[in-house]
């Protein structure tokens, strides 16, 4: 089950957070856009699993039904989370029903890659939606916040996987010094930065722990231990 779960995990994050454009998200309710997204979902599932199982078609249909329901909800944080939980539930239901064509350590690398995308790209969308009500309070370089957030979550992902969790505090402290030095006199912006930072860190930790749980059920990555 777990190797198949890893491949479906990768297929999902690729289809939803890498290959899905902003234009596709904005016009998801249009039949043509939904069909295009469905084709991407099915293609990534087939390639990631190395299988032509009919269960992948069923998973794709379920994915599109969930997405169609989501188009009727506002584009805010909680509908996004419910949508992703629903997708995760369908993947968990389908994973035990067939066997992926890939073997170790490929599936472990797939899980690692999927976890990195979940921590960074998916986290960017989630935190952006969470902070949307207060976005007008903080105006900076276009796209800079997303880049900083991706780097922050990516570093946390690497630190936890490498067992260097104590350095997460230094990362947060360094960011706080740099950010608060310029916004200390603006309470609204300061609170915006605090909420965004804590939310980003929590997302990265949660995504990394989920990835670690999956990796623990898979064969090793095949990387020699570099530590004594």
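Worth a mention:
To keep it simple, each residue is scored yes or no on (1) crowded, with 19+ Cβ neighbours inside 10 Å; (2) more than 16 Å from the chain's Cα centre (by Cα); (3) not assigned by TED's automatic domain parsing to the domain that holds residue 153.
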| residue | (1), (2), (3) |
| --- | --- |
| 29 | no, yes, yes |
| 35 | no, yes, yes |
| 64 | no, yes, yes |
| 68 | no, yes, yes |
| 74 | no, yes, yes |
| 83 | no, no, yes |
| 88 | no, no, yes |
| 108 | yes, yes, no |
| 114 | yes, no, no |
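Residue-by-condition table, conditions (1) more than 17 Å from residue 145 (Cβ to Cβ); (2) modelled with pLDDT of 90 or more; (3) part of a helix (DSSP H, G or I):
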site	(1), (2), (3)
176	no, no, yes
189	no, no, yes
192	no, no, yes
212	yes, yes, yes
219	yes, no, no
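Each row is one residue, and each column tells you yes or no for (1) touching a helix residue (DSSP H, G or I) at 6+ places or on another chain (Cβ under 7 Å); (2) touching a residue at least 24 places away in the same chain (Cβ under 8 Å); (3) within 30 Å of residue 160 (Cα to Cα).
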residue	(1), (2), (3)
1	yes, yes, yes
34	yes, yes, no
38	yes, yes, no
45	yes, yes, yes
66	yes, yes, no
84	no, yes, yes
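- Enumeration of residues in the stretch 60-81 that are more than 13 Å from residue 37 (Cα to Cα) and assigned to a helix (DSSP H, G or I): 69, 70, 77, 78, 79, 80, 81
- Test: residue in the stretch 49-58 that is within 19 Å of the chain's Cα centre (by Cα) and either free of Cβ contacts under 8 Å to residues at least 40 places away in the same chain or part of a loop (DSSP other than H, G, I, E, B) (or both): no
- Of all residues in the stretch 194-210 being modelled with pLDDT of 85 or more and over 20 Å from residue 158 (Cβ atoms), the one that is surrounded by the fewest Cβ atoms within 10 Å (Cβ to Cβ): 195
- Condition met for residue 138 (at pLDDT 70 or above and in contact with a helix residue (DSSP H, G or I) (Cβ under 8 Å, 6 or more places away or on another chain)): no
The values are calculated or read from the model by the stated rules, or taken from the named source; none is laboratory data. Computed from a predicted model, the values in this text were never measured in an experiment. Don't worry about glycine lacking a Cβ; one is built from the backbone with ideal geometry, like all the others, and counts go over all protein chains shown.
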